[in-house]
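**Student:** I'd like to ask some things about the structure below.
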């Protein structure tokens, strides 16, 4: 009985620690990767294909709020990426891994600014 109690306590104590090691899962020809902050919240989630970033990637802050979403093509940032920082939403368009345009909007102000 004493051994069962010790094993149970040890198993529960391991479960109390937050997930910080990345996880990798095979999905078809891609590998889904999930990375974590030190507090256990997800920090990034996306895919690899042939050891390069591929498809949609999402980034999260330590509270678990989404702070960015965008796409990679063969390891290169491409298309529209969206970044959130407080009330400000930025849309950044990438062309061949370079910033082509940036549009910012404040969620409290309907006016959009191009920079």
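The values are calculated or read from the model by the stated rules, or taken from the named source; none is laboratory data. This is a predicted model, so every value here is computed, not measured. Here the Cβ positions follow ideal geometry from the backbone for every residue, glycine too, while neighbour counts run over all protein chains shown.
**Student:** Those residues that are surrounded by 13 or more Cβ atoms within 10 Å (Cβ to Cβ), under 27 Å from residue 26 (Cβ atoms) and touching a strand residue (DSSP E or B) at 6+ places or on another chain (Cβ under 7 Å), I need them from region 74-107; list them, please.
**Tutor:** 75, 77, 78, 79, 81
**Student:** I want to confirm something. Restricting to region 48-73 and keeping residues that are in contact with a strand residue (DSSP E or B) (Cβ under 6 Å, 6 or more places away or on another chain) and farther than 21 Å from residue 95 by Cβ, which single residue is surrounded by the most Cβ atoms within 10 Å (Cβ to Cβ)?
**Tutor:** Here the answer is 60.
**Student:** Next question, about the same structure. Can you tell which of 91, 62, 25 is part of a loop (DSSP other than H, G, I, E, B), within 21 Å of the chain's Cα centre (by Cα) and modelled with pLDDT of 95 or more?
**Tutor:** 62
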